[in-house]
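Each value in this text was obtained by applying a stated rule to the coordinates, not by laboratory testing. Just so you know, these numbers come straight off a predicted model, no measurement behind them. For neighbour counting, all protein chains shown are included, and Cβ atoms are generated from backbone atoms with ideal geometry for every residue, glycine included.
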Amino acid sequence: MLELQGIAVSPGVAIGQALVFDREGYQISRSRAATVDANQEWLRLKAAIDGAATKLDASAQQTSEKLGARLGGIFTAQLQMLLDGRLHEELEQLIQKQSYSAEFAVSEVLNGYAAAFRRAGSSFLAERAADIRDIERLLLEGLTGVPTQTLSEISNPAIIASHDLTPGETAVLDPRKILGLCTETGGPGGHTAIVARGLEIPAVVGIGPFLHLLRADDSIIVDGHLGRVLINPDDITLERYLARREHRQSIARELTELRDLPACTSDGVRVELMANIEFLTEGQSCLDRGADGVGLYRTEFLYLGSQADPSEEDHFQAYVQVARDMAGKPVVMRTLDLGADKMGMTPYAHQENNPFLGLRSIRLSLRNPALFRTQIRAMLRAASEGDIRIMFPMITTLDELRTARFLVRSVAEDLREEGHVVRNDIPIGMMVEVPAAVMMLDRFIEEVDFVSIGTNDLTQYVLAVDRGNEAVADLYQACDPAVLRLIQKTWEIATQHNISTSVCGEMSNDPALALLLVGMGIRVLSVAPSAIPVLKKAIRSVTIGQCQAMAWRAMRLDTAKEVDAFLQNQLAGLVPEMVLQA
Amino acid sequence: MSQSLSTATVFVSNPQGLHMRPANLLVTTACKFSSTLKLVREGQSVDAKSILGILTLGAVQGSQIDLFADGPDAEIAISTIVDLFQRGFDEPAE
């Protein structure tokens, strides 16, 4: 058995046969075609170009429908590049004057562009190099008549192992055939990660070189919770994972029956279970799981796809769709919450030694008012379609909150002057994820309609630990007593002011921690859609008194380790059928 | 019809630099003219009618670019493209 560690980007466990997806697999004969009629050769290539253009056009439409106009735009851009007249001249030149075969010309010219793009060293152009590879693949397919391996035509369900995936490849992933993904490169903000999460395919990226270790049909486990990939697992490991999967599936069957029941403790205390979503397709999975609304709509995906900034219309279309899908249930929209470096937005990116403490999130939005206003305009316009609420991430100072609110007011006035109807009762809230916000919460609370605790960043900032840094990652524990005290304090202050507090970090995906939060007084949890049924089951199995007792004791423990052991033990006692989650 | 060579120097003013959307707008505009149009940045010369060529320049905000047009409508081509750069390709400014 071989165990590899990467970055977990999409939760879930996949067990299956490995399919090494190696784009270099199609070897074209790199020879000149001196004997062939050059005219004939050029006509053959022109036909291939036409064919590729038709395919790209179709992909653009299909992807726009499935994943939104932003990702569909990837193919529109590829089409523009494919139709470049200069490109055609260069290809024709090589064929007519140098007697290259069509395949050889395609590979020479496109490799030249890909290399030039990579040399420029910007992340925007590096993504364009991936586009060039997509174009090359399409043309070679058309020329040889042999489809190169594509991820849309896999016959048996498999786990894909690859160096990386191009945007064109990720866009055609079929979750029924692709059990899991593992790639040598990539990070949490890349298109592979985002698409995998949207389609609920377990994925681990950034593993480093490992493809040479794989043989065809090796059995492989992708653990999207722990970021682990196991090649040829031994019997004990395999059985452990299979047992977990069987257990999870049997729980899942039982859980679907809970869909239309409310998340109430057995003695009738109602907890709202909301969903964290990112993709348009996830609106449906929220409803399928019986979510009470969207507690966190991440808008970052609109900025990926790496063309120019999304237009107001791009934002608007996406927001309206989510609002309509949720049919009157609340949708909390978070404004942009990324660092410029994560978005391929090179012009906004600065070289930062410490990006987590740098120009990101609301800081980036306030520094680029044009970017921010576009997003706010779309949110305010979409608010007439549903119960939309606006939330600012990473608020650290009162000035930031006031500036952001001022911008919202001024955008609303602009819109009214232009003749739009803008609701004046749209709730505006903030994420509590910087310790400074907790310390000053009695002031912040006067100026917000709701707060939502982002435990991922709160944990990272209060414990001064970068969760991505392996050397210190073990310090990153959402159940650390210091984190719990901040949550407690936030809830106390907000409740005194009759302001609702929700928790939207990953910690509430864990049923033991979710029950703890309920015991601490939290009545709104926002979690991954897939976690909702499990949490509902857990909440319906306990009384509020049991949760409170659990919280009272947990808050008196000294270390994260103690809290964790205590909570898991409590969960095993209260909801025995739940154990074996991780 | 007289042949003329026309030239100008521009700076990339839009924050995004010359990437997909501006590049595409530039190509569409350049293709309306019959003159040969070249962009030169730091000694690298590309065809203004080629989106791949323009992208290769990797021109970020503040880049200096020399324009050259050669052909019957060189002068009007240059002034149209200079205008496009000056308007920042109609992108929202910072």
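Some values worked out for this structure:
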read-out: Viscosity 1.002 mPa s, temperature 20 °C, Stokes-Einstein D of the stretch B:4-90 from Kirkwood C-alpha radius, µm²/s; value: 173 µm²/s
read-out: Radius 11 Å from Cβ of A:V465, net charge of other residues (Lys, Arg +1; Asp, Glu -1); value: -2
read-out: Alpha carbon Rg of the stretch A:299-426, scaled by the compact-globule rule 2.2 N^0.38 Å; value: 1.05
read-out: Estimated distance in nm for a label pair at A:V472 and A:E562, the labels positioned 7 Å out from Cα along Cα-to-Cβ; value: 2.4 nm
read-out: Trypsin sites (Lys or Arg not before Pro) within the stretch A:453-530, DSSP loop, no more than 12 other Cβ atoms inside 10 Å; value: none
read-out: √(5λ) per eigenvalue of the Cα gyration tensor, the protein assembly as shown, largest first, Å; value: 48, 32, 20
read-out: For q = 0.10 Å⁻¹, Debye-computed log10 I/I(0) when each Cα of the stretch A:201-306 counts as one equal scatterer; value: -0.50
read-out: Förster-model FRET efficiency, 25 Å R0, A:K97 and B:V40, C-beta, rounded to 0.05; value: 0.50
read-out: DSSP beta bridges in the stretch A:160-288 [antiparallel fraction, %, rounded to 5]; value: 50 percent
read-out: Shielding of B:50-63 by partner chains, average beta-carbon count, 10 Å; value: 6
read-out: Entries in A:K489/A:K561; A:K46/A:K66; A:K66/A:K536; A:K329/A:K537 that, when Cα-Cα distance is taken, lie over 27 Å; value: A:K46/A:K66; A:K66/A:K536
read-out: Dimensionless Rg ratio for the stretch A:29-144, taking C-alpha atoms and the 2.2 N^0.38 Å reference; value: 1.11
read-out: Net lengthening on full extension, A:D50/A:T397 (0.36 nm per residue, minus Cα-Cα); value: 119.3 nm
read-out: Exposure proxy order (Cβ contacts within 10 Å, fewest to most) of A:L83, A:L214, B:L39; value: A:L83, A:L214, B:L39
read-out: Rg ratio (alpha-carbon, reference 2.2 N^0.38 Å) - the stretch A:421-516; value: 1.17
read-out: Percent of beta bridges antiparallel (DSSP, the protein assembly as shown, rounded to nearest 5); value: 50 percent
read-out: Counted charge near A:R259, where neighbours are those whose Cβ lies closer than 13 Å (Asp, Glu -1; Lys, Arg +1); value: 0
read-out: Shielding by other protein chains, A:77-86, mean Cβ within 10 Å; value: 5
read-out: For the stretch A:512-556, the fraction of alpha-carbon pairs in successive 5 Å shells from zero, as %; value: 5, 23, 35, 22, 11, 4, 0
read-out: Overall Cα dimensions of the stretch B:20-67, principal axis frame, Å, largest first; value: 26, 21, 16
read-out: On Cα atoms only, tilt of A:102-119 relative to the major axis of chain A in degrees; value: 40 degrees
read-out: Low-density loop positions, GluC sites (Glu not before Pro), the stretch A:227-275 - DSSP coil, at most 14 other Cβ in 10 Å; value: A:E257
read-out: Amide H contacts of A:Y100 (H built 1.01 Å from N, under 5 Å, at least 5 apart or other chain); value: A:A33, A:I95
